[in-house]
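S.K.: What follows is a structure written as structure tokens; I'll ask about it next.
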Amino acid sequence: MIYDKRKGSLLNYIQLPLHVITDTGTFLGTGYNESGNPTYTLSHVKVNLEDVKDLTFSSKSKDAIRLDNKPILTVSNNVVGYNYKISDTEVNYRYITVASTRVDITSNKITKGMAEFILDKQLRNIGNVLERFITVKISQPHYDALLYHFFNEGTSTIENSSIIKLINASDWYSITDEIQKDIKKNGKVNQKIATQKITTAKMFSYVPGFS
């Protein structure tokens with residue numbers, strides 16, 4: 001499959017520019033002008049921006065992760081569930097603590113429900129790191145997209161992420177383009193990576209009633 005895009009659009013899709021949620025309003029993509037630049041109109045639907053500390057994950061980020069991944073129900077190399085890395089302390093005590101509840105791993109096996117419970121912890125952990133490095137208010141769609149993105153990329157990439165830098169600069173119109181970069185692996189387009197980045201960009205630009 002050939003992946004290509006216009007400024008503000010999705011990879012491999014010929015359609016309107018993605019919507020853009022900003023601190024001054026919510027803008028809907030309407031098309032492209034003669035110069036090929038995206039055009040927008042101000043929406044009557046305003047998506048609010050909030051401090052990161054006041055946001056929590058929704059079903060959108062969690063559902064996207066579950067769609068991409070089959071949970072590991074038997075501990076292997078100290079990994080279980082949705083690629084949760086069991087810490088040395090958890091290995092020693094034979095349980096994983098999630099929201100003051102212990103998930104027993106004595107048998108080296110967990111249920112799918114336990115895996116999803118642990119996933120909640122993983123998403124909260126990503127959110128805690130985002131809180132440290134994002135200095136401006138963002139929307140719920142932004143937050144969900146970032147949780148999904150950094151679940152795939154790893155929390156260690158947050159501090160120096162070009163996406164986080166654009167967010168902190170309130171460069172809202174450039175972010176979905178930045179999200180969809182780097183889709184190659186070993187010199188070739190990786191369809192899985194490209195699909196994940198398309199999902200992230202769509203989630204980041206989600207406007208209720210228009211997406």
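S.K.: Residue by residue through region 64-98, note down the ones that are assigned to a helix (DSSP H, G or I), free of Cβ contacts under 8 Å to residues at least 12 places away in the same chain and surrounded by 13 or more Cβ atoms within 10 Å (Cβ to Cβ).
M.R.: Listed by number, the list holds a single entry, Tyr93.
S.K.: A further question follows. Does any residue of region 42-57 turn out to be at positive phi, in a loop (DSSP other than H, G, I, E, B) and touching a residue at least 12 places away in the same chain (Cβ under 8 Å)?
M.R.: Within region 42-57, none of the residues are at positive phi, in a loop (DSSP other than H, G, I, E, B) and touching a residue at least 12 places away in the same chain (Cβ under 8 Å).
S.K.: Is it true that some residue in region 145-165 is surrounded by fewer than 19 Cβ atoms within 10 Å (Cβ to Cβ) and either at positive phi or in contact with a Gly (Cβ under 7 Å, 6 or more places away or on another chain) (or both)?
M.R.: Yes, region 145-165 has at least one match.
To keep it simple, each residue is scored yes or no on (1) over 24 Å from Ala201 (Cβ atoms); (2) in contact with a Phe, Trp or Tyr (Cβ under 8 Å, 6 or more places away or on another chain).
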{"position": "Asp104", "(1), (2)": "yes, yes"}
{"position": "Lys109", "(1), (2)": "yes, no"}
{"position": "Lys112", "(1), (2)": "yes, no"}
{"position": "Leu119", "(1), (2)": "no, yes"}
{"position": "Ile134", "(1), (2)": "no, no"}
{"position": "Ile158", "(1), (2)": "no, yes"}
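S.K.: Wholly within region 135-211, which helices (runs of 4 or more DSSP H) include no fewer than the required count, namely at least 1 residues that are in contact with a strand residue (DSSP E or B) (Cβ under 7 Å, 6 or more places away or on another chain)?
M.R.: Working: elements: 140-153, 162-168, 175-179, 191-204.
Correct list: 140-153, 162-168, 191-204.
S.K.: Considering each of Ile158, Ile138 in turn, give the residue that is among the aliphatic types (A, V, I, L, M) and either touching a residue at least 40 places away in the same chain (Cβ under 8 Å) or in contact with a His (Cβ under 9 Å, 6 or more places away or on another chain) (or both).
M.R.: Going through Ile158, Ile138 in turn, just one is among the aliphatic types (A, V, I, L, M) and either touching a residue at least 40 places away in the same chain (Cβ under 8 Å) or in contact with a His (Cβ under 9 Å, 6 or more places away or on another chain) (or both): Ile138.
S.K.: Of everything in region 15-38, what is part of a strand (DSSP E or B), more than 15 Å from Ser205 (Cβ to Cβ) and either of a type outside the set (Gly, Ala, Ser) or at pLDDT 95 or above (or both)? Give them in sequence order.
M.R.: Selection gives Tyr32 alone.
S.K.: Pairs needed: first member in region 188-206, touching a residue at least 12 places away in the same chain (Cβ under 8 Å) and among the polar types (S, T, N, Q); second member anywhere, surrounded by fewer than 21 Cβ atoms within 10 Å (Cβ to Cβ) and not in a helix (DSSP H, G or I); C-beta distance under 7 Å; at least 6 residues apart or different chains.
M.R.: Gln191/Met1; Ser205/Ser211
The values are calculated or read from the model by the stated rules, or taken from the named source; none is laboratory data. Remember, predicted model here, so these are calculated numbers, not experimental data. Reconstructed Cβ throughout: ideal geometry from the backbone, glycine too, with neighbour counts over all protein chains shown.
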